[in-house]
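S.K.: Starting off with a structure, shown below.
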Amino acid sequence: MLARVLSASVVGVEGAIIRVEVDLARGLPAFATVGLADSAVRESKDRVKSAIKNSCYEFPARRITVNLAPASVKKEGTGYDLPIALGILAAAGQLPPDELAGCCVVGELSLDGTVRPVPGVLSMALAAREAGLKRFMVPMSCAREAAVVGDIAIIPIKRLDEAVEILNNLKEPRAVHIDPQAYLRADNAGQPDFADVRGQEFVKRALVVAAAGNHNILLTGVPGSGKTMMARRLPAILPDLNLAEAIETTRIYSTCGMLPEDEPLVVTRPFRAPHHTISDAGLIGGGRYPRPGEVSLAHNGVLFLDELPEFRRNVLEVLRQPLEDGEVIISRAATSLRFPSRFMLVAAMNPCPCGYSGDQVRECSCSPIHITRYQSRLSGPLLDRIDMHVEVPAVKVRELKQAEAGAGSADMRESVVRARKVQEDRFVPHDTIHNNGQMTTALIKRFCEVDQESEDILYQSIERFGLSARAHDRILRIARTIADLDGAAVINRNHITEAVQYRRPVSANL
C-alpha cells in the first residue's frame, strides 16, 4: 500500500516542500530510503521504528520503501522522522490517508516517540503557506516561531501518538497564534549609550551619517582611542526592524539553529563581531552542506571587524561580493545557493603594527616599510568599497574627565530615524532599495544632483586624493545622506565638503 505525506526542507535559507512517499510491499522485512538522502535521514529508520513501537503502534513487518521527492534536492537533517512515521502508519492502515492531504509535517523523533525541534521551521512554514497548505504540524518548541507566518494553522505536536490522535480525529488540534507586531517593540534601554563616550564628536557625527544612510565605515586610530567602544554602541542608534526585515533575519538564525526557544522573532538588529582568526567559509558561508556565515548572520544589522589588517587577506577579499551585491552565492557541483547579506560594515584598525604612528605622546617603533607592509594587507578594491574612512584621534585622560557628556544614543537615533524616513519615502517605487547606501548609479544621477560649485569641489578632491569613479558615486551617496540629516532637498557645497572628509583614504589620515 502507498501513502503520501508532505514535509518541508531548507535549501540555503529558502523553504522547499518535500513529498514523502511510503510503500509497503510483500517480502522480507526491510527499510530503504531513496531520494538523495544524507546519513542523518537514512538513520531515521531506527528512530522511526523505535518511536512507533514505544508509542504502542504496530510497526509493519513488510518491505518498506521511503522516497523523498524531488530527488534532485539534497535531503539532510532529522526533520523527516515524523512524516516518515506517519506515512508508515497511513500505509499500514492505522491512519486515514485523506487526513494527511493539505497538511505539512516536520519533526525529529526520539526513541520514545517524543517530537524534538528542528532548525529552519520559519522558512518551512513560509514555503507551506506559499504552496497553499492549510495545516502545518511542527514540534511544540518550534510552534511560536512558525506562527509568525499567518494564513496557515500551526499545530504543535509533543509526541507521535498525539499527531496520530489528531489525524484520527480523536483529539481536537489547538493551533498556535501570535501577533508578530507585539514582538517588534524593541527596547534599547539595556544597550550601551553614546553618552558614555567623551569627546570624539566628529567621529560620533560620522557614525550618525553612516547609520542614517547605511554606509560602510572604517575607523582608524591609535589603541585606546575608542574605536571599538563606539562601534559597539552603533546598533543603539539604528532604526527598529520592520516585520519584513525581522522575518528575513529570523529565517537565517532559524536555519543555523541559533534562534532562542523563547524568542520566536529576531527584533533587534544583529551585531556580529567575528574574531580575526575566522576562515573564509566562517565569514562568507559554505561547508560540505553550505550554511550561512557571519556576513549573513549580520543581515539587516552590523558586521564589526576589529583589527581589520589582522584578518587573512583571502578572508577579506571574499567580502567584495556581499558589499557590492548584498548577497552571497555559494556554488557547488550540483547547485548554487544564495544567502542574503545586506549589512553595514564597521571596521577598525590601527595606523601601524605597533599602533602609535602619528600619536603625539607615544613614539612609533615601526619603520616606514613595516607601516607600508601593514597597510598593504588591505587591498585597494576592498577599501574602495568602504564608503567612509574616518580618523579617530587619541583623547587624553585629563580631557576625558573634563569633557562634558556629548550627544546620547537617543538624540542620535532620532536624527537617524528621521533621515531614514525621508529615504523610505524617496525610494517607495523601488522595492529593493531602502536607503542611500543601496542607491544604484541611475538613482544617484536622479537624486544626487549638485550645482557647479559643489561639482568643482568634488572633482578637485578626487584628483587630490587619487580617488576612483566608484568613490565619486559613494561621496554623492554620503552627501545625499548628510542633506537628509539637515532636512535639505538639494545637496549643497557644505554637504559635499563634509562628505569628502569622510572619504579620505587611510594613507591620507596618517
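The values are calculated or read from the model by the stated rules, or taken from the named source; none is laboratory data. Because the structure is a prediction, the values reported are computed rather than measured. We place every Cβ from the backbone using ideal geometry, glycine too, and count neighbours over all the protein chains shown. Quick note on the areas: whole protein, heavy atoms, side chains included, nothing else; ligands and nucleic acids left out. Shrake-Rupley method; radii C 1.70, N 1.55, O 1.52, S 1.80 Å.
S.K.: So what is the relative contact order of region 182-338, in percent, for Cα pairs below 8 Å that sit 6 or more residues apart?
M.R.: 19 percent
S.K.: On a full-extension model of 0.36 nm per residue, what is the gain between Arg19 and Ala32, subtracting their alpha-carbon distance, rounded to one decimal in nm?
M.R.: Computed gain between Arg19 and Ala32 is 3.1 nm.
S.K.: Follow-up. Helix-only estimate, please: 222 nm mean residue ellipticity of the chain, summing -39500 (n - 2.57) across DSSP H runs of length 4 or more and dividing by its residues, to the nearest 500.
M.R.: -10500 deg cm²/dmol
S.K.: Which percent of the accessible area of region 1-118 is formed by carbon and sulfur heavy atoms (probe 1.4 angstrom)?
M.R.: 51 percent
S.K.: While we're on this one: From the backbone phi of region 211-220, what are the Karplus-calculated ³J(HN,Hα) couplings (6.51 cos²θ - 1.76 cosθ + 1.60, θ = phi - 60°) in whole Hz, Gly and Pro given as x?
M.R.: So the Karplus estimates, Gly and Pro as x, are 5, 5, x, 6, 9, 6, 9, 10, 9, 10 Hz.
S.K.: Please give the length that would be gained between Ile457 and Arg288 if that part of the chain were fully extended, namely 0.36 nm times their separation in residues minus their C-alpha to C-alpha distance (nm, one decimal). Walk me through the numbers on the way to the answer.
M.R.: Details: separation 169, 0.36 × 169 = 60.84 nm, distance 5.12 nm.
Gain in length upon complete extension: 55.7 nm.
S.K.: Same structure again: So, with +1 on the Cβ of K and R and -1 on the Cβ of D and E, and no other charges, what is the size of the charge dipole of region 135-204 about its Cα centre, to the nearest 20 debye?
M.R.: So the magnitude is around 120 debye.
S.K.: Just to check I understand the Karplus step: with θ = phi - 60° and J = 6.51 cos²θ - 1.76 cosθ + 1.60, what whole-Hz values come out for region 63-76, glycine and proline as x?
M.R.: 7, 9, 10, 10, 10, 10, 10, x, 6, 6, 9, 5, 9, 9
S.K.: Another question about this same structure. Of all DSSP beta bridges in region 45-203, what percent run antiparallel (nearest 5)?
M.R.: Given both bridge residues lie in region 45-203, the antiparallel proportion sits at roughly 35 percent.
S.K.: Report the label-to-label distance for Lys396 and Ser279 in nanometres (one decimal), using points 7 Å from each Cα along the Cα→Cβ vector.
M.R.: 4.9 nm
S.K.: Here's a follow-up. Considering the options Gln452, Ala479, Ala469, tell which one lies farthest towards the positive end of the dipole of region 449-507, charges being +1 on Lys and Arg and -1 on Asp and Glu at the Cβ, about the Cα centre.
M.R.: Ala469
S.K.: Calculate, for Met229 and Arg63, the FRET efficiency according to 1/(1 + (r/R0)^6) with r their C-beta to C-beta distance and R0 56 Å; round to the nearest 0.05.
M.R.: 0.25
S.K.: Also: In degrees from 0 to 90, rounded to the nearest 10, what is the angle of the helix 243-255 Cα long axis to the longest principal axis of the chain?
M.R.: 60 degrees
S.K.: Also, I was wondering about something else. Rounded to the nearest 0.05, what FRET efficiency do Glu449 and Asp179 give with R0 = 25 Å and r taken as the Cβ-Cβ distance? Could you check?
M.R.: In this case the efficiency is close to 0.05.
S.K.: Just order 226-232, 74-80 by mean Cβ neighbour count inside 10 Å, highest at the front, would you?
M.R.: Numbers: 226-232: 20.0, 74-80: 22.6.
Highest to lowest by the protection proxy: 74-80, 226-232.
S.K.: Continuing with the same structure: In whole percent, and with a 1.4 Å probe on the protein chains, what portion of the accessible area of region 260-388 is carbon and sulfur?
M.R.: The value for region 260-388 is 48 percent carbon and sulfur by accessible area.
S.K.: Using a 7 Å offset from the Cα along the Cα-to-Cβ direction at both Asp193 and Glu261, what is the distance between the two label points in nm, to one decimal?
M.R.: Distance between label points: 3.6 nm.
S.K.: Using a 1.4 angstrom probe, figure out how much accessible area the chain has per residue, in square angstrom, rounded to the nearest whole.
M.R.: Spelled out: the 1.4 Å probe surface of the chain, per residue, equals 45 Å².
S.K.: If you don't mind, there's one more thing I want to ask. Report the calculated FRET efficiency for Arg42 and Glu99 (r = Cβ-Cβ distance, R0 = 25 Å), to the nearest 0.05. Walk me through the numbers on the way to the answer.
M.R.: Working: r = 27 Å, r/R0 = 1.10.
Taking R0 as 25 Å, the efficiency between Arg42 and Glu99 is 0.35.
S.K.: Another question, if that's okay. To the nearest 20 debye, what is the magnitude of the charge dipole of region 287-370 about its Cα centre, counting +1 on the Cβ of each Lys and Arg and -1 on the Cβ of each Asp and Glu?
M.R.: In total the dipole reaches around 500 debye.
S.K.: Full-extension gain between Asn168 and Ser468, please, as 0.36 nm times their residue separation minus the C-alpha to C-alpha distance.
M.R.: Going from the current span to full extension adds 101.1 nm.
S.K.: What pairs from Lys74/Lys158; Lys75/Lys421; Lys53/Lys74 go past 32 Å between their alpha carbons?
M.R.: Too far apart for the 32 Å limit: Lys75/Lys421.
S.K.: Also, I was wondering about something else. Where in region 43-63 does the label zone of Asp112 land, with the point 7 angstrom along Cα→C-beta and an amide N cut-off under 13 Å?
M.R.: Counting only backbone N, you get 51, 54-55.
S.K.: Given H placed 1.01 Å from N in the peptide plane, which residues other than close sequence neighbours of Val450 have an amide H under 5 Å from its amide H?
M.R.: Answer set, sorted by chain and number: none.
S.K.: Okay, moving on. Might you report the magnitude of the Cβ-based charge dipole of the chain about its Cα centre, with Lys and Arg at +1 and Asp and Glu at -1, to the nearest 20 debye?
M.R.: 1020 debye
S.K.: Return one number: the angle in degrees, 0 to 90 and rounded to the nearest 10, between the long axis of the Cα atoms of helix 452-465 and the longest principal axis of the Cα atoms of the chain.
M.R.: With rounding to tens, the tilt is 90 degrees.
S.K.: Residue by residue through region 367-382, what is 3J(HN,Hα) from phi via Karplus (6.51 cos²θ - 1.76 cosθ + 1.60, θ = phi - 60°)? Round to whole Hz and write x for glycine and proline.
M.R.: Result, rounded to whole Hz: 7, x, 5, 5, 5, 4, 5, 5, 5, 6, 5, 9, 6, x, x, 5.
S.K.: What is the set of long-range amide H partners of Arg116 at a cut-off below 5 Å, with H atoms built 1.01 Å from backbone N?
M.R.: So Arg116 has HN proximity to Glu108, Leu109, Ser110.
S.K.: Label-point separation (nm) for Arg493 and Val428, each offset 7 Å from Cα along Cα-to-Cβ?
M.R.: Calculated label separation equals 3.5 nm.
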